[in-house]
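All remarks here apply to the structure that follows.
The values are calculated or read from the model by the stated rules, or taken from the named source; none is laboratory data. A quick note: this is a predicted structure, and the numbers were derived from the prediction, not measured. Every residue, glycine among them, receives a Cβ derived from its backbone with ideal geometry; neighbour counts consider all protein chains shown. Surface areas here come from the heavy atoms of the whole protein model, side chains and all, with no ligands, DNA or RNA. Shrake-Rupley method; radii C 1.70, N 1.55, O 1.52, S 1.80 Å.
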Amino acid sequence: MPSESGLRAALVEIVAQEVRSARVLDVMRAMPRHAFVPEHPLGDAYADHPLPIGHGATISQPTVVGMMSEALELDGTQRILEVGTGSGYQAAVLSRLAGHVDTIEVVPELAERAMRALREVGASNVDVHVGDGWAGLPALAPFDRIVVTAAPDHLPEALVDQLAEGGLLVVPVGPQTSDQRLEKHKKRDGRLVREDLGAVRFVPMVHADDVG
Ligand code: SAH
């Protein structure tokens with residue numbers, strides 16, 4: 001049975017086929033993904049797949065986590081807003097690449113479990129908020145970076161408003177799971193400049209009213 005660090009090193013070799021940033025790969029080599037999916041066997045925690053975490057949510061595929069982290073162009077100083085905390089793993093990776101992460105989750109039970117896992121890995125610069133990502137976190141805006149890890153069918157206006165000038169917004173947009181594009185937007189002179197990062201598959205971004 002390979003060690004945890006051996007499993008992580010093997011996983012990062014796969015992620016490195018899509019992700020160039022040495023900083024992102026170093027963080028993924030060090031971050032214990034299994035702490036965020038304690039209900040899954042160790043081998044599954046270090047396979048390059050999404051995994052179910054309950055409430056219809058999934059922990060994202062590691063390669064996708066790496067791609068999103070790289071797309072955010074982080075240098076250790078930025079304030080990030082993440083929408084869709086889920087397991088907390090993406091937030092944990094970002095916490096080691098940025099200055100501070102605020103992450104918002106609409107399902108209270110998921111926020112609770114993410115908080116526990118984030119505490120366990122010592123991610124002290126992450127705050128988990130229960131709320132609706134469509135509204136963002138106006139009281140804490142503006143953010144240098146905003147990353148959305150559930151797919152809205154159109155760009156949420158509140159998030160565009162809460163992005164700082166010069167900031168980046170990375171978001172999978174699409175009407176349904178089978179037809180989503182990962183978009184990267186830069187705010188320049190108050191307007192968004194869009195880049196297409198390719199096809200992706202995320203769980204839909206829901207409206208808080210629909211969460212039972
Ligand atoms: N970043 C996560 C992946 C999460 S899956 C990880 O690393 O594990 C997407 C998450 O978005 C789910 O937990 C889902 O509950 C949440 N979500 C969906 N719609 C939302 C909304 N409107 N506001 C906040 N979170 C939302």
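Which whole-Hz ³J(HN,Hα) couplings does the stretch 87-94 yield from phi under the Karplus relation 6.51 cos²θ - 1.76 cosθ + 1.60, θ = phi - 60°, glycine and proline marked x?
Whole-Hz 3J(HN,Hα) from phi for the stretch 87-94: 6, x, 5, 4, 4, 5, 4, 5.
What is the magnitude of the charge dipole of the stretch 49-210 about its Cα centre, with +1 placed on the Cβ of each Lys and Arg, -1 on the Cβ of each Asp and Glu, and no other charges, expressed in debye to the nearest 20?
Details: 14 positive and 23 negative charges, 81 e Å.
With only Lys, Arg, Asp and Glu charged at Cβ, the dipole is about 380 debye.
Give me the orientation-averaged projected area of the Cα convex hull of the stretch 1-87, in nm², one decimal.
5.9 nm²
For the stretch 135-212, what mean projected area does the convex hull of the alpha carbons give, in nm²? Walk me through the intermediate numbers first.
Details: hull surface 21.2 nm².
Over every viewing direction, the Cα hull of the stretch 135-212 projects on average to 5.3 nm².
Averaging over every viewing direction, what projected area does the convex hull of the Cα atoms of the chain cover, in nm²? Present the calculation step by step, with values, prior to reporting the outcome.
Working: hull surface 43.4 nm².
That works out to 10.9 nm², a quarter of the Cα hull's surface.
For Leu110, what is the net charge nearby, where nearby means another residue's Cβ is under 14 Å from its Cβ and Lys, Arg count +1, Asp, Glu -1?
With Lys, Arg at +1 and Asp, Glu at -1, the net is -4.
I'd like the Karplus ³J(HN,Hα) series for the stretch 118-135: coefficients 6.51, -1.76, 1.60, θ = phi - 60°, whole numbers in Hz, and an x wherever there's a Gly or Pro.
5, 4, 4, 8, x, 7, 7, 9, 10, 10, 9, 10, 8, x, 9, x, 4, 8
What's the Kirkwood radius of the stretch 77-184 in Å, using all Cα pairs?
About 13.8 Å, per the Kirkwood formula over Cα pairs.
Which residue, Arg96, Arg79, Arg188, tops the fluctuation ranking in a GNM of the chain built on C-alpha contacts under 10 Å?
Of Arg96, Arg79, Arg188, the Gaussian network model singles out Arg188 as fluctuating most.
Which cross-chain or sequence-distant (5 or more) residues have an amide H under 5 Å from the amide H of Leu163, H modelled 1.01 Å from N in plane?
Here the answer is Phe143, since their amide H atoms fall under 5 Å of that of Leu163.
Using Cα springs under 10 Å in a Gaussian network model of the chain, which residue among Thr63, Thr77, Thr85 shows the largest mean-square fluctuation?
Its mean-square fluctuation being the largest, the pick is Thr77.
Find the accessible area per residue for the stretch 128-212; the probe is 1.4 Å, ligands and nucleic acids are left out, and the unit is Å².
Spelled out: the 1.4 Å probe surface of the stretch 128-212, per residue, equals 51 Å².
Would you pull out the residues with amide H under 5 Å of Leu51's amide H, same chain only if 5 or more places away, H placed 1.01 Å from N?
Those qualifying (amide H under 5 Å, at least 5 residues apart or on another chain) are Ile59.
Residue by residue through the stretch 36-42, what is 3J(HN,Hα) from phi via Karplus (6.51 cos²θ - 1.76 cosθ + 1.60, θ = phi - 60°)? Round to whole Hz and write x for glycine and proline.
9, 9, x, 7, 9, x, 3
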